[in-house]
Each structure stands twice: as structure tokens, then as C-alpha cells.
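The values are calculated or read from the model by the stated rules, or taken from the named source; none is laboratory data. Here the structure is a predicted model, which means the values were calculated and not measured. Here Cβ is always computed from backbone atoms with ideal geometry, including for glycine, and neighbour counts include all displayed protein chains.
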Amino acid sequence: MTTATVTQKFSLAPLPYYKHSLEPYISEQTIIFHHDKHLAGYVTKLNELISGTRFADMSLEDIVKQSDGAIFNNAAQTWNHQFYFDQFSPAPQRRPYGPLMEAINDTYGSLEELKEHMNKSALALFGSGWVWLVCNDKGKLSIVSTQNAGNPLTEGLHPLLTIDVWEHAYYIDHRNARADGVKAFWEVLDWKVIEERYSKCCKNR
Ligand code: MN
């Protein structure tokens, strides 16, 4: 009898904060389910699916850009969630400065208006998906909604921040009230992280 083994290529990235530390905005219970169960499930499934395929030796980003079907769904959900969890902090920088703030003012008029546009996109998205702030190769900002596991990398865009609008992101804390989940999101978003992502985006100019 042979035992099939799956090489654990990708592993569950640890959180850069304690699971309870985003309370009262995102509960420890939400983080336990969202990170330790949902994200962990995508990582496990991805490792199973890529084992022995041409994707087995690729970076996660390349898999997202080149795959489709179940491999894409699990690779993109892994990428999206790592990117999502990394943007929070229990002591967030509460607004952007410098080139990112200038770009937000140029495109949306103010930070409040950007948030309003993204909140509207989050409420308008039917079913499961993600709302993204992205930039193009020239550093120009835009807001993109993707269905299910969708990721703007596949359109050649550079993600800066993302709102998870799958129900599992807010249902424990807010039940069906997606708007309340989105409101809480902004309270723990660390704009320092988003500034750093934008500075890399601008290097592509
Ligand atoms: Mn999620």
C-alpha cells in the first residue's frame, strides 16, 4: 500500500497581531474562523490541487495570474486573505500622508469621499467578493469590485487595500448588516501599510 503525500508548499501565514487585538471592531471569534478555518482551508486545498502539476513550483502570485478553475479559486483566496489580514493593526495609522494622500485627493477629492465610494461598492456587490483600491503602472488609483475569488492582479493592476465582502467576514459580528462590517473595517485599517504598498506601485512608473 502506498500513501499519497502532498508537499505542503504554502503554509498559513501568521497574523501580525494578536487575534483579540482588533476588538471591538473585528472580534477574536471572527479572526479564529476567518483566518484559522477559512484561510487555512484555502491553503490546504491549494496544496492538494497543485501537487504534481505545473503550478507546484510557482509563486502564489504567478499561480493567481496563470491558473483558472479550482486552482485559481484557492490560490486567489489564499493571496486575497493574506493581503487582507496584513493591512490591519490594533494601533493603526488612521489616515494616509504623502504621495498616497495626494493621489486620493486628486482622484476622489478627500479620504472621506474615497471611503464613501468604497462603502457603496461593498454594499452594491451582489453575493460574495472583494472591493479593492488599486493603482495602475502609472500610480493612478481606481476602485475595482471582483466576484468570488477575483483578484485585480489578473488585469495587470496593483492592489493597495481590500474589503472582504464575503458573509464570513462579518456575519459573526454583524449578522446580515454588511454596512456595519464595512464601517468597522476602517477603524482597524493601517494606512501605513497602504502607503508602503503604494510606494512600491509608484516604483513601476
Ligand atoms: Mn474571507
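Overview of values
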{"quantity": "Test: residue in region 75-89 that is β-branched (Val, Ile, Thr), under 19 Å from the mean Cα position of the chain (by Cα) and either within 16 Å of the ligand (Cβ to nearest atom) or not in a loop (DSSP other than H, G, I, E, B) (or both)", "calculated": "yes"}
{"quantity": "Subset tally (residues that are in contact (Cβ under 8 Å) with a residue 40 or more places away in the chain, part of a helix (DSSP H, G or I) and buried (at least 17 other Cβ atoms within 10 Å of the Cβ)) for region 96-120", "calculated": "5"}
{"quantity": "Residue 48 more than 16 Å from the ligand (Cβ to nearest atom) and either assigned to a helix (DSSP H, G or I) or over 18 Å from residue 92 (Cβ atoms) (or both)", "calculated": "yes"}
{"quantity": "Among (1) away from the ligand (no atom under 16 Å from the Cβ); (2) surrounded by fewer than 16 Cβ atoms within 10 Å (Cβ to Cβ); (3) at pLDDT 95 or above - the single one residue 179 does not satisfy", "calculated": "(3)"}
{"quantity": "Residues within region 149-205 that are outside any helix (DSSP H, G or I) and of a type in the set (S, T, N, Q), tallied", "calculated": "4"}
{"quantity": "Among the residues listed as 36, 62, 57, the single one being away from the ligand (no atom under 13 Å from the Cβ) and part of a helix (DSSP H, G or I)", "calculated": "62"}
{"quantity": "Region 156-173: number of residues that are farther than 22 Å from residue 66 by Cβ, surrounded by 17 or more Cβ atoms within 10 Å (Cβ to Cβ) and within 14 Å of the ligand (Cβ to nearest atom)", "calculated": "8"}
